[in-house]
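Structure first, then comments.
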Amino acid sequence: MISQETVNKFKDLQTPFYYYDLDILNVACRIVMKGSADYGYKVHYAVKANANPRIMKIISSYGFGADCVSWNEIECAINAGFKPSEIVFAGVGKTDKDIEEALKADVFCFNCESIPEIEVIDSLALKQNKAAMIALRINPYIEAFTHKYITTGIEESKFGINIWELDEVVRRLKLLNNLNLKGIHFHIGSQITRMDVFRNLCSRVNELQEWFASRNIQLDFINVGGGLGIDYEDPGQIPPFEEYFSLINEFISLRPGQTIHVEPGRSLTGQCGSLISKVLYIKNGSNTTFAIIDAGMTDLIRPALYNARHKIENLTSAGNPQKYDVVGPVCESSDTFGKFIELPETHRGDIIAIRSAGAYGESMASRYNMRDLPRSVFSDEI
């Protein structure tokens, strides 16, 4: 809930902007810190969710590692206080420069997604006279029951190594002298709200543990990735971290000396952020009333890209409820945040909040139509 005092301060600020409630972020971080410590899990924050430098510094202050998918993300994480020794480097298309810089920085581990990538990392490590730590990202063929664009663990995905390739991977690794296989990694999708999906992943992890043990391959860690969803209908609801951690503990059978690694992103930052905008015009169509706001798909692309739903609130009107299509100014029909959204009677100048925008909002912003990028405003600054 955004307080009336805060809303009054919004009136003097240039919109649109991202508003971050740091109390909510700190609550989420404390819950994850305690829950992971209770089970001995290692946390790597998924930087792609939100790479705002201040958000990153707060998260790093809890002692978490980072999960990065480019050298630029790694550099951002290091600048924010994350230790290179606790950074995992994922991504299906790592460039030679990405790999070379990550090797120089001595990151903890490369999450590898194909045989060709493994061979390139080995050759580049040889040039630096280093042995790179790697984990195999395995495609476990688990249906995540989420949007198809953010489902990554099914058959014929561009992500991960197929189970039927593992024999060949192990054979190749025996011939490569600059790699150390330390673990296996999974990431089956994003915005997963069904706990049975994670339980299915745990079962597949146990099966694969048996496969590696039968070949006398000792794994130091199991990285189950991220994907825990948030409640977009209730922006004040912190994700069920305790249930998630408990499920992993109950259903994954670890071997002596092994640890669990997790990679939360959206679940840490999603609920702390809102996109704040003002109404430019109310436009009446034949059957639709449009509330045209000054924020657009360039500032929050999820509704246009995934048909995602965010809770939309009019923070300054108390009039009788009406239905609106809430749309932005960008020259695309997909620049729509919600259709038939019930809001108090809305007028030009009203302040609109699009909630749960703390993940994949600022990090996916663009300058299409030469629009300015919104600035960030933090709750302790106003």
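The values are calculated or read from the model by the stated rules, or taken from the named source; none is laboratory data. In this text, all values refer to a predicted model and were calculated from it rather than measured experimentally. Don't worry about glycine lacking a Cβ; one is built from the backbone with ideal geometry, like all the others, and counts go over all protein chains shown.
One table, with the values for the structure above:
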read-out	value
Within segment 156-196, tally of residues that are within 18 Å of Phe251 (Cβ to Cβ) and surrounded by fewer than 15 Cβ atoms within 10 Å (Cβ to Cβ)	3
Residues located in segment 82-113, provided they are more than 15 Å from Leu181 (Cβ to Cβ) and among the polar types (S, T, N, Q)	Ser85, Thr95
Members of segment 71-98 found to be within 15 Å of the chain's Cα centre (by Cα), closer than 21 Å to Asn139 by Cα and small (Gly, Ala, Ser), listed by number	Ala90, Gly91
Subset of segment 19-28 (residues that are in contact (Cβ under 8 Å) with a residue 40 or more places away in the chain and surrounded by fewer than 18 Cβ atoms within 10 Å (Cβ to Cβ))	Leu22, Asp23, Val27
Contacts under 7 angstrom Cβ, first residue in segment 74-101 being on the phi < 0 side of the Ramachandran plot, partner surrounded by fewer than 16 Cβ atoms within 10 Å (Cβ to Cβ) and charged (D, E, K, R), 6 or more apart	Ala80/Lys57; Pro84/Asp106; Ser85/Asp106; Val92/Lys158
Condition check for Pro329: in the same structural domain as Asp234 (by TED's automatic domain parsing) and at pLDDT 95 or above	no
Qualifying positions in segment 29-47 - crowded, with 21+ Cβ neighbours inside 10 Å and under 18 Å from Ala359 (Cβ atoms)	Cys29, Val32, Val43, His44, Tyr45, Ala46, Val47
Check on Ala291, among the hydrophobic types (A, V, I, L, M, F, W, C), buried (at least 21 other Cβ atoms within 10 Å of the Cβ), in the same structural domain as Leu275 (by TED's automatic domain parsing) and within 18 Å of the chain's Cα centre (by Cα)	no
The one condition in (1) more than 15 Å from the chain's Cα centre (by Cα); (2) surrounded by fewer than 21 Cβ atoms within 10 Å (Cβ to Cβ); (3) among the hydroxyl-bearing types (Ser, Thr, Tyr) that Ser277 fails to fulfil	(2)
Any hit, segment 207-227, residues being within 30 Å of Val377 (Cβ to Cβ), among the hydrophobic types (A, V, I, L, M, F, W, C) and either in a loop (DSSP other than H, G, I, E, B) or outside the structural domain of Ser363 (by TED's automatic domain parsing) (or both)	no
Residue ranges of strands (runs of 3 or more DSSP E) in segment 266-382 with at least 3 members within 20 Å of Tyr20 (Cα to Cα) and in contact with a strand residue (DSSP E or B) (Cβ under 7 Å, 6 or more places away or on another chain)	273-284, 312-314, 351-354, 375-378
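To keep it simple, each residue is scored yes or no on (1) without any contact (Cβ under 8 Å) to a residue 40 or more places away in the chain; (2) among the small types (Gly, Ala, Ser); (3) more than 30 Å from Phe10 (Cβ to Cβ); (4) not assigned by TED's automatic domain parsing to the domain that holds Val326.
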position	(1), (2), (3), (4)
Asp234	no, no, no, yes
Gln237	yes, no, no, yes
Glu243	no, no, yes, yes
Ser253	no, yes, yes, yes
Gln258	yes, no, yes, yes
Val262	no, no, yes, yes
Leu275	no, no, no, no
Val279	no, no, no, no
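Matching residues to (1) more than 22 Å from Gln191 (Cα to Cα); (2) of a type outside the set (A, V, I, L, M):
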| residue | (1), (2) |
| --- | --- |
| Ile301 | no, no |
| Tyr306 | no, yes |
| Arg309 | no, yes |
| Ala318 | yes, no |
| Pro321 | yes, yes |
| Lys339 | no, yes |
| Ala365 | no, no |
